[in-house]
Amino acid sequence: REHQLTLRSEHLVRYTTEEKLVKPAAELSALLGQAAGERPTAIVCYNDELAVKLLDVVRGKGLTVPEDLSMVGFDDATLATATEVKLTTLEHPKTRMGEDAVKLLIRLLGQGGSRKPEADIIYEPRLIVRESTAPDGEEIKN
């Protein structure tokens, strides 16, 4: 939003659990096969595991992260730093989320499980910038 970029619907990949091993890689491969001016310059993955798997697709196209394509994951999982390219990721408070879920379950069970929670719980993610993103959306010059 800050840079007034729009999300192109053809760049949004949706898939089912059954498709997760094939479809994201196939879709990224097709997107990266486009001409340089048409292909995405960055991708955001719903978790770090997917981002790490998609690194192979990027390498298979002869591209590099972050020189040709920035990548961001979500979770700050151990995988985020287990590859040659340390992954930029969003961290969420896993322990606090688990504690809050248990408290909510106990409260709901005490009410017979029939009432909806009073309010949504919103967790603020923290961006952890590592090596998989180019600074300020700019290409890295070697």
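The values are calculated or read from the model by the stated rules, or taken from the named source; none is laboratory data. What you see is a predicted model, and the numbers here were worked out from it, not measured in a lab. Cβ sites come from the backbone with ideal geometry, for glycine too, and all protein chains shown count toward neighbours. Each accessible area value is taken on the protein alone, full model and side chains, heavy atoms only, with ligands, DNA and RNA left out. Shrake-Rupley method; radii C 1.70, N 1.55, O 1.52, S 1.80 Å.
Overview of values
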{"item": "Segment 69-93 - residue that is assigned to a loop (DSSP other than H, G, I, E, B) and touching a residue at least 40 places away in the same chain (Cβ under 8 Å) and, of those, least open to solvent (accessible area, probe 1.4 Å)", "result": "Leu87"}
{"item": "Top-ranked residue of segment 24-78 - restricted to ones that are under 12 Å from the mean Cα position of the chain (by Cα) and among the β-branched types (Val, Ile, Thr), ranked as nearest to His11 (Cα to Cα)", "result": "Ile43"}
{"item": "Criterion (within 25 Å of Glu91 (Cβ to Cβ), without any contact (Cβ under 8 Å) to a residue 24 or more places away in the chain and either surrounded by fewer than 19 Cβ atoms within 10 Å (Cβ to Cβ) or of a type outside the set (Asp, Glu) (or both)) met by exactly one of Arg59, Arg1", "result": "Arg1"}
{"item": "Single unsatisfied condition, Ser132 versus (1) modelled with pLDDT of 90 or more; (2) more than 30 Å from Leu63 (Cβ to Cβ); (3) of a type in the set (Gly, Ala, Ser)", "result": "(2)"}
{"item": "Segment 4-49 - residue that is without any contact (Cβ under 8 Å) to a residue 12 or more places away in the chain, among the small types (Gly, Ala, Ser) and part of a loop (DSSP other than H, G, I, E, B) and, of those, nearest to Val85 (Cα to Cα)", "result": "Ala36"}
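Results for (1) at pLDDT 95 or above; (2) touching a Ser or Thr at 6+ places or on another chain (Cβ under 9 Å); (3) of a type in the set (Phe, Trp, Tyr), shown as yes or no for each residue.
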| position | (1), (2), (3) |
| --- | --- |
| His11 | no, no, no |
| Ser29 | yes, no, no |
| Leu32 | no, no, no |
| Ala36 | no, no, no |
| Phe74 | yes, yes, yes |
| Lys86 | yes, yes, no |
| His92 | no, no, no |
| Arg107 | no, no, no |
